[in-house]
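Trainee: Before I ask anything, let me first share the structure, which is written out below as structure tokens.
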């Protein structure tokens, strides 16, 4: 980290605080604080929706996934444009016209208070559990790579975000999200340019694409029907569809974005904007990981991207590890030479030479991977448990070693912006659900605007501090970070979506059916997660199906009982 | 007295395309094109 990087970071943090205070002085009531007086334009909401979804985990975890196993994760995002159409046709007009603050408020109008409260409670549970990950995940990785204290990294991100969110409310969150998202877009192109600029002389982007193809890193689409596989077109289009529909349609952290639209048209346009941009954006983020994979054919990657392990290995298994490093040097050189030979063979147009060069390259790639696997086994033996997932360290490790002064600062600002934009929307929405669905609903219905404004700020502060403490004290190991976040959500998303679909689609459904159907759906998802090994992406489908079936049947049964008694 | 601000709750047409169904149709086609392009990329580049 050089002076230019620190200056960029200070400017970034200074700007978000200034923007928060600028909007904070205009808040006078709940409408201002949680819905920005319904005055926002589509582009700001659209960027905020994207920024809320894209956390630091998206940049760190996704690039790492693409480095390790290619582009297959893109299939998870493919249904999102279709989800936006469904939202524009159903959820958005229902919510907007109902003039509500939270999505769950709608359920009380349609069913009853207990269904609203239970659904809102499930949201608070799921979002409250996962919000700390937004801070915890990047802090651990930045801590290892940059040598920063994890607690300090968490505190710098969280305290700044808590201040501007508590003071500024949702309008400040959205306007800052929009700027942060623009920064994130710029960061994608800067990262691609940075990797491409580091390719050896004479090695073009076309060569890089071809080399990655040899190891099947461009595996965008998998047509297999294996239900245990996480990333196939089927799991993406079915499981991913329901997950995205639930997240964008029923998760208050997203609903609270498009409830601020100046008109229904503005709210819809914000989602249309997402429909067109989200998949290309995600494709480019994944492509960064693939390009870094290619780059590390010509520059030797660390044997341990989590560099804290190296000193431990040298201390506890010095001879064995030194020997492993020597073999690693050999297999790296062999792989680099075979990659160069493959490039030359392909350029020559000689098919026989190309096939032979490719076979040699794949052989050296397998040898290279074998040494890395041996290193993992050695680590597991010494630690007595699986080491941290190295894929999450690849992108930050690349940045610290290869980004020039200034660019490193920009890329770190991008990672901070990604984390803070999600964190701000989440604590703002947690506060919204707490105050609107519980405090005002059950404890204090007729207080003044000023009172609600201050308790809303208090609730934002509470959730911010709660998430910060959970992040600091969070223990245990995360798998692939991005999956961990989505898996926590998937336990709750399906049943919550099921209740909203009951509200919109099943006219005969009543409060009793919706409430008990929701509980049945939640029990079914927990059972499937515990007893089966199907991909977590299908939990949402199970949740929706059980809630729809149980809710409809229970509604009909309760109506028949009532009619019978009547 | 100033009248309360009117919130446009009725379906206004989108700023481009004439009506919403055309926009939605364009998104469905766009999604199919994306899937096809990505499939083509998978088949063409992984060799």
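The values are calculated or read from the model by the stated rules, or taken from the named source; none is laboratory data. No experiment lies behind these values; they were computed from the predicted model shown. With ideal geometry, Cβ positions are generated from the backbone for all residues, glycine too; neighbour counts draw on all protein chains shown.
Trainee: Assess whether residue A:75 counts as being more than 28 Å from residue A:413 (Cβ to Cβ) and either outside the structural domain of residue A:262 (by TED's automatic domain parsing) or surrounded by fewer than 22 Cβ atoms within 10 Å (Cβ to Cβ) (or both).
Mentor: In short, no.
Trainee: I need the full set of residues from the stretch A:92-104 which are surrounded by fewer than 24 Cβ atoms within 10 Å (Cβ to Cβ) and either within 12 Å of chain B (Cβ to nearest Cβ) or outside any loop (DSSP other than H, G, I, E, B) (or both), in order please.
Mentor: A:92, A:93, A:94, A:95, A:96, A:97, A:98, A:99, listed by residue number.
Trainee: Among the numbered criteria (1) surrounded by 24 or more Cβ atoms within 10 Å (Cβ to Cβ); (2) facing chain B (nearest Cβ under 8 Å), which single criterion is violated by residue A:64?
Mentor: Residue A:64 satisfies all of (1) surrounded by 24 or more Cβ atoms within 10 Å (Cβ to Cβ); (2) facing chain B (nearest Cβ under 8 Å) except (2).
Trainee: Scanning for something surrounded by fewer than 19 Cβ atoms within 10 Å (Cβ to Cβ), within 11 Å of chain B (Cβ to nearest Cβ) and over 21 Å from residue B:33 (Cα atoms), does the stretch A:194-207 turn up at least one residue?
Mentor: Yes: one or more hits.
Trainee: Another question, then. Looking at the stretch B:8-25, which of the residues that are facing chain A (nearest Cβ under 9 Å) and surrounded by 14 or more Cβ atoms within 10 Å (Cβ to Cβ) is modelled with the lowest pLDDT?
Mentor: Of everything passing the filter in the stretch B:8-25, B:14 is modelled with the lowest pLDDT.
Trainee: Out of A:455, A:414, which single residue is free of Cβ contacts under 8 Å to residues at least 24 places away in the same chain and either surrounded by 17 or more Cβ atoms within 10 Å (Cβ to Cβ) or in a helix (DSSP H, G or I) (or both)?
Mentor: Criteria check complete, one pass: A:455.
Trainee: Scan (1) within 12 Å of chain B (Cβ to nearest Cβ); (2) modelled with pLDDT of 95 or more for the single condition residue A:48 breaks and write down its number.
Mentor: (1)
Trainee: While we're looking at this one, here's another question. Restricting to the stretch A:32-43, give me the number of residues that are in a helix (DSSP H, G or I) and surrounded by fewer than 24 Cβ atoms within 10 Å (Cβ to Cβ).
Mentor: Result for the stretch A:32-43: 6.
This table checks each residue for (1) at pLDDT below 95; (2) under 30 Å from residue A:343 (Cβ atoms); (3) touching a helix residue (DSSP H, G or I) at 6+ places or on another chain (Cβ under 8 Å); (4) more than 14 Å from chain B (Cβ to nearest Cβ).
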site: A:272; (1), (2), (3), (4): no, no, yes, no
site: A:276; (1), (2), (3), (4): no, no, yes, no
site: A:283; (1), (2), (3), (4): no, yes, yes, no
site: A:308; (1), (2), (3), (4): yes, no, yes, yes
site: A:313; (1), (2), (3), (4): yes, no, yes, yes
site: A:317; (1), (2), (3), (4): yes, no, yes, yes
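Trainee: Where in the stretch A:217-305 are there helices (runs of 4 or more DSSP H), lying fully within it, with 1 or more residues that are buried (at least 24 other Cβ atoms within 10 Å of the Cβ) and touching a strand residue (DSSP E or B) at 6+ places or on another chain (Cβ under 6 Å)?
Mentor: Per the criteria, A:264-295.
Trainee: Taking the stretch B:26-47, which residues are under 18 Å from the mean Cα position of the chain (by Cα) and at the interface with another protein chain (Cβ under 8 Å from one of its Cβ atoms)?
Mentor: Listed by number, the residues that qualify are B:27, B:28, B:30, B:31, B:34, B:35.
Trainee: Check A:190, A:173 and return the single one that is under 21 Å from the mean Cα position of the chain (by Cα) and within 30 Å of residue A:308 (Cα to Cα).
Mentor: From the options A:190, A:173, the qualifying one is A:190.
Trainee: Quick test of your reading of the structure: residue A:210 fulfils all but one of (1) facing another protein chain (nearest Cβ under 10 Å); (2) over 18 Å from residue A:65 (Cβ atoms); (3) part of a loop (DSSP other than H, G, I, E, B). Name the failing condition by number.
Mentor: Here residue A:210 clears every test but (3).
Trainee: To continue, here is another question. Out of all the residues in the stretch A:68-83, is one or more away from chain B (no Cβ under 14 Å) and touching a strand residue (DSSP E or B) at 6+ places or on another chain (Cβ under 7 Å)?
Mentor: no
Trainee: Name the single residue that is farthest from the other protein chains (Cβ to nearest Cβ) among those in the stretch A:13-30 being over 25 Å from the mean Cα position of the chain (by Cα) and crowded, with 17+ Cβ neighbours inside 10 Å.
Mentor: A:24
Trainee: Sticking with this one: Conditions: (1) at the interface with another protein chain (Cβ under 10 Å from one of its Cβ atoms); (2) free of Cβ contacts under 8 Å to residues at least 24 places away in the same chain. Residue A:224 meets all but one. Number of the miss?
Mentor: If we test residue A:224 against (1) at the interface with another protein chain (Cβ under 10 Å from one of its Cβ atoms); (2) free of Cβ contacts under 8 Å to residues at least 24 places away in the same chain, just (1) comes out false.
Trainee: Answer yes or no as to whether residue A:47 is part of a helix (DSSP H, G or I), in contact (Cβ under 8 Å) with a residue 24 or more places away in the chain and in the same structural domain as residue A:156 (by TED's automatic domain parsing).
Mentor: yes
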